[in-house]
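Beneath this line is the structure, given in structure tokens, with notes to follow.
The values are calculated or read from the model by the stated rules, or taken from the named source; none is laboratory data. All values derive from a computational prediction rather than experimental measurement. Glycine also receives a Cβ, built like all others from the backbone with ideal geometry; neighbour counts cover every protein chain displayed.
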Amino acid sequence: MQLAVALAAARLGAMKHPKAALSALILPLPTEADTTALGARLASLARAGDCFLLEGPIGAGKSHLARAFIRARLGRDEDVPSPTFTLVQVYGNRDGEIWHADLYRLTHPDEVWELGLDDAFQSAITLVEWPDRLGGHAPQDALHLRLEAVGDGRRAVITGGRSDLRKALGDG
Ligand SMILES: Nc1ncnc2c1ncn2[C@@H]1O[C@H](COP(=O)(O)OP(=O)(O)OP(=O)(O)O)[C@@H](O)[C@H]1O
Ligand SMILES: [Mg+2]
């Protein structure tokens with residue numbers, strides 16, 4: 001009976017997110033240093049136009065991962081404040097811009113236009129905390145990275161994005 005319920009739930013999930021249900025990559029992150037390492041790894045694989053949707057509850061580690069990503073990509077110990085109030089912080093180097101957004105305080109998805117995020121999705125690397133606030137503005141091909149608590153640590157559940165990027169992450 002329990003198995004039947006689990007199968008039904010899996011099928012329901014597969015119907016809602018067909019790709020996601022088939023290809024979730026799960027990476028254990030027992031310590032904060034593992035989140036830092038994952039941020040740096042993603043930074044080494046990212047290219048202009050890649051969008052990373054950082055999901056998970058308050059305190060999951062989204063900003064920590066974004067900070068590690070930005071520092072690794074820029075190659076310096078940049079000050080990376082959480083964009084809780086500014087909503088967006090933009091960083092740049094020769095390779096192009098990195099947009100770090102925290103949309104927790106977004107009141108309407110159309111504010112995404114005002115922030116210039118629609119254009120940034122095309123040309124920049126974008127890291128978005130609280131991406132559920134995007135409504136229909138989320139890029140179709142974005143990588144979803146959900147941070148979940150596991151004891152005192154975390155795990156990352158990764159779906160979508162470029163398949164070569166997901167494969168590289170899975171290969172370590
Ligand atoms: N793998 C991990 N194991 C244990 N602690 C972690 C791990 N990764 C990050 N943390 C810790 O989680 C805490 C919260 O991180 P952070 O501020 O990045 O969360 P957040 O998801 O951005 O929260 P908010 O939704 O409020 O913006 C930090 O103290 C960070 O060091
Ligand atoms: Mg945050």
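Mind checking which residues of the stretch 110-162 are over 13 Å from the mean Cα position of the chain (by Cα) and polar (S, T, N, Q)?
Correct list: 122, 123, 140.
What's the number of the only condition in (1) buried (at least 21 other Cβ atoms within 10 Å of the Cβ); (2) within 25 Å of residue 152 (Cα to Cα); (3) modelled with pLDDT under 95 that residue 82 fails to meet?
For residue 82, the exception is condition (1).
Take the residues in the stretch 114-131 that are in contact (Cβ under 8 Å) with a residue 24 or more places away in the chain and exposed (fewer than 13 other Cβ atoms within 10 Å of the Cβ); name whichever of them is farthest from residue 160 (Cα to Cα).
Here the residue is 123.
With respect to residue 141, determine if the residue is in contact with a His (Cβ under 9 Å, 6 or more places away or on another chain), more than 19 Å from residue 38 (Cβ to Cβ) and acidic (Asp, Glu).
no
Between a first residue in the stretch 43-68 that is closer than 17 Å to residue 93 by Cα and a second residue that is of a type in the set (Val, Ile, Thr) and part of a loop (DSSP other than H, G, I, E, B), which pairs have beta carbons less than 9 Å apart while being 6 or more apart in sequence or on different chains?
From the stretch 43-68, the pairs are 66/80; 67/80; 68/80.
Got a number for residues in the stretch 115-162 being touching a Phe, Trp or Tyr at 6+ places or on another chain (Cβ under 6 Å) and assigned to a loop (DSSP other than H, G, I, E, B)?
Here the count works out to 3.
Name the residue that is surrounded by the fewest Cβ atoms within 10 Å (Cβ to Cβ), counting only residues in the stretch 85-95 that are modelled with pLDDT under 95 and more than 12 Å from ligand 1 (Cβ to nearest atom).
94
Tell me which residues, restricted to the stretch 101-113, are among the acidic types (Asp, Glu) and either surrounded by 15 or more Cβ atoms within 10 Å (Cβ to Cβ) or not in a loop (DSSP other than H, G, I, E, B) (or both).
102, 111 - these are the residues of the stretch 101-113 that are among the acidic types (Asp, Glu) and either surrounded by 15 or more Cβ atoms within 10 Å (Cβ to Cβ) or not in a loop (DSSP other than H, G, I, E, B) (or both).
Pick out the one residue from 98, 70 that is among the aliphatic types (A, V, I, L, M), crowded, with 16+ Cβ neighbours inside 10 Å and farther than 23 Å from residue 155 by Cα.
Matching residue, one of 98, 70: 98.
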